[in-house]
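Each reported figure results from applying straightforward, stated rules to the coordinates on display, with no laboratory input. Not measured: the values here are computed from a predicted model. A quick note on method: Cβ atoms are made from the backbone with ideal geometry, for glycine too, and the neighbour counts reach across all protein chains shown.
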Amino acid sequence: MINIILLGPPGAGKGTQAHRLVAERNMIQLSTGDMLREARTSGTAMGKMVADVMDRGDLVTDEIVIGLIDEKLQGDNGGGFIFDGFPRTLAQADALGALLKRSGRKLDAVIEMQVDDAALVARISGRFTCGDCGEVYHDDTKPTAKPGTCDKCGSSDLKRRADDNADSLKVRLMEYYKKTSPLIGYYYAKGDLHTVDGLAEIDTVAKSIANVLDQVRTS
């Protein structure tokens with residue numbers, strides 16, 4: 001069992017690689033957004049707390065997110081946990097480390113998916129997806145064979161995220177560099193940091209991540 005954090009700016013492909021690890025290694029993806037949505041409709045005490053906060057339009061506190069992660073850690077371990085989108089700050093990193101220690105677990109690797117900002121903006125600005133099957137396309141690198149129609153399922157429900165544009169992405173990148181990039185030095189100092197090329201082909205990135213996990217497993 002291996003527990004990892006996937007680090008990288010928005011659009012680096014963390015979710016894509018996490019889904020592959022779930023399918024190929026039976027790991028469990030802990031995505032902050034998914035956990036909050038699930039908790040909100042769960043009816044549990046923690047879920048009601050999340051719903052109250054979100055309904056007020058307030059930000060969910062670190063304590064609540066750590067509580068949700070704690071609940072997940074008590075369940076099925078699978079092949080280990082993937083922390084996707086958390087931690088985002090040094091305070092959250094400290095809180096996660098303390099939680100793992102309390103639960104008798106450890107963090108095995110932090111994998112930074114490095115990207116070039118200009119290339120990332122170009123990648124994200126041209127991205128669109130099928131609303132029915134979720135297939136991802138790109139204006140330049142992966143257009144649909146027939147304009148307006150999904151190659152995979154034939155749907156015409158092709159969508160672009162409202163924030164998948166150059167201006168919005170630059171704002172999100174700035175937020176990442178201000179709050180989350182300090183984690184790179186934090187985990188480097190702990191000896192946990194590994195880096196892969198986040199802009200390589202999806203299969204190449206997956207192989208690089210697999211190499212890190214195999215290295216960690218045998219060390």
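Checked against a 23 Å cut-off, the cross-linked pairs 48/72; 14/178; 14/159; 14/48 give Cα-Cα distances beyond that limit for 14/48.
For residue 211, put the label point 7 Å out on the Cα→Cβ axis and report which residues of region 168-195 keep their amide N under 15 Å from it. Only 194-195 fall inside the zone, counting backbone N under 15 Å.
Put a dot 7 Å past the Cα of residue 177, heading toward its Cβ, do the same for residue 34, and the two dots end up 3.0 nm apart. Taking the Kirkwood radius as Rh and the Cα radius of gyration as Rg, region 91-219 has a ratio of Rg/Rh equal to 1.06. Look at the Cα gyration tensor of region 135-188: its axes a ≥ b ≥ c give a/c of at least 1.5 with a/b over b/c, and that counts as prolate.
Helical runs (DSSP H, four residues minimum) scored at -39500 (n - 2.57) apiece and divided by the length of the chain put the mean residue ellipticity at 222 nm at -15000 deg cm²/dmol. Straight-distance candidates among the aspartates and glutamates for linking to residue 106, with alpha-carbon spacing under 12 Å and chain neighbours fewer than 8 residues away dropped: 192. Taken over the Cα atoms of region 1-66, the convex hull encloses 119 Å³ per residue. Every Cα-Cα pair in region 81-151 was counted, and those over 13 Å apart are 75% of them. Assign one of three labels to region 34-118, namely rounded, prolate or oblate, based on the Cα gyration tensor with a ≥ b ≥ c the square roots of its eigenvalues; rounded applies when a/c is under 1.5, prolate when it is not and a/b is larger than b/c, and oblate otherwise. It comes out oblate by the Cα gyration axes. Label sites at residue 90 and residue 76, each approximated as a point 7 angstrom past Cα along Cα to Cβ, lie 3.8 nm apart. Computed 3J(HN,Hα) for region 50-61, one whole-Hz value per residue from the Karplus formula 6.51 cos²θ - 1.76 cosθ + 1.60 where θ = phi - 60°, is 4, 4, 4, 5, 5, 5, 7, x, 8, 7, 5, 6, glycine and proline marked x. Under the criterion of Cα pairs below 8 Å and six or more residues apart, the relative contact order for the chain equals 27 percent.
Just to be sure I understand: if I project the alpha-carbon convex hull of region 59-104 onto a plane and average over all orientations, what area do I get in nm²? Don't skip to the end; give the middle numbers.
Values: hull surface 13.3 nm².
Averaged projected area of region 59-104's Cα convex hull equals 3.3 nm².
Select one label from (i) 20.4; (ii) 12.1; (iii) 13.1: the one whose number is mean projected area of the Cα convex hull in nm² as derived from the coordinates shown. Given (i) 20.4; (ii) 12.1; (iii) 13.1, the calculated one carries the label (iii).
Hey, what did region 1-81 get for relative contact order, percent, Cα under 8 Å, at least 6 apart? Working shown, then result.
Values: 64 pairs, mean separation 34.1, N = 81.
So the answer I get is 42 percent.
Using the Kirkwood radius built from alpha carbon pairs, what does the Stokes-Einstein equation give as D for region 154-219 at 25 °C and 0.890 mPa s, in µm² per second? List each step's numbers first, then the result.
Numbers: Rh = 15.1 Å.
Answer, rounded: 162 µm²/s.
The order of the peptides 81-94, 161-174, 5-18 by mean Cβ neighbours within 10 Å, most packed first, is 5-18, 81-94, 161-174.
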